[in-house]
Amino acid sequence: MNIPPVAIADPSPEPLGDFSRCHEGIVSRLGALARLPALLDAADQARAVAADTLRLFDEGVLAHHLDEEKVLFPSVQRSAMPGDEAALVAALAERLTREHRDVEAQWKALEAPLKAAARGKPAALEAPAVQRLVATYLAHARFEETHYLPLAARILGRNANHLAALDASLHIRHAPLNSPAYI
C-alpha cells in the first residue's frame, strides 16, 4: 500500500503548524506500517528457506557425498579396466572428492548464519559467499553429470552384477538400523 504524503497546510501560526508537522510524521510512519505485512512474509520465507537449506545439506548433500565416496567411486574403480580407464576413473573421483571438500568447507562458513536465520534471529549472510557456494556446486554437478556418471554407467553397465552390487550397497547404507534382520 502506497500512502501519499500529506500536504502540509500553509505555514500556520504556532501551535497549528505543529499539528501539520505531526501529521506528516504520523503518515510517514503509517507508510512503513503498511509495508510491514510484506516484510513479515519475506521474513517467514527467509526462515523457511534457511531451514530447508539446513535440511538439504544435513540430509541430502553430505549424505550424497558419502554415498559417492564410499560406494559409487570404489565400485566404478573396481570395475574399471586396468590401465588408462582405471587411471581416468581414479583422477575423476579424486577431483570430485576435492570438490566435495570445497563445497563442504563453503557450507560450514554459511551454516551458523543459516541456523540463526532459520530461528528468526539476526544473521549476517553474505551474498557473495552464498553465490560462490551455489556456483561451485552447480559446476561440480555439471562436471559429474557430463564426465563421471556417463563413464560410470558405461563401466558398470558391462556387467549387470556390478550394477546390482552398487544398488545393494546403497540400499544397505540407507536401511534403517532398527529394522529387523532376517537370515
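Annotations for the structure displayed:
- Taken over the stretch 90-110, the criterion of being under 18 Å from the mean Cα position of the chain (by Cα) and open to solvent by 20 Å² or more (accessible area, probe 1.4 Å) is satisfied by GLU99, ARG101, ASP102, GLU104, ALA105, LYS108, ALA109.
- Extreme residue, least open to solvent (accessible area, probe 1.4 Å), among residues of the stretch 22-45 that are more than 23 Å from ALA117 (Cα to Cα) and charged (D, E, K, R): GLU24
- Given (1) closer than 30 Å to ASP41 by Cβ; (2) open to solvent by 70 Å² or more (accessible area, probe 1.4 Å), index of the condition ALA129 fails: (2)
- Just one of (1) open to solvent by less than 50 Å² (accessible area, probe 1.4 Å); (2) without any contact (Cβ under 8 Å) to a residue 60 or more places away in the chain fails for GLU85. It is (2).
- Annotation note: Cβ proximity below 7 Å between a residue of the stretch 109-129 that is touching a residue at least 24 places away in the same chain (Cβ under 8 Å) and basic (Lys, Arg) and a residue that is part of a helix (DSSP H, G or I) and surrounded by 12 or more Cβ atoms within 10 Å (Cβ to Cβ) (sequence gap 6+ or interchain) occurs for LYS115/LEU54.
- Out of GLU111, GLU144, one residue alone is modelled with pLDDT of 95 or more, under 30 Å from ASP44 (Cβ atoms) and touching a Leu at 6+ places or on another chain (Cβ under 9 Å). It is GLU111.
The values are calculated or read from the model by the stated rules, or taken from the named source; none is laboratory data. Bear in mind that the values here come from a model prediction, so they are computed numbers and not experimental data. Glycine gets a Cβ as well: all are built from the backbone with ideal geometry, and neighbour counts include every protein chain shown. Quick note on the areas: whole protein, heavy atoms, side chains included, nothing else; ligands and nucleic acids left out. Shrake-Rupley method; radii C 1.70, N 1.55, O 1.52, S 1.80 Å.
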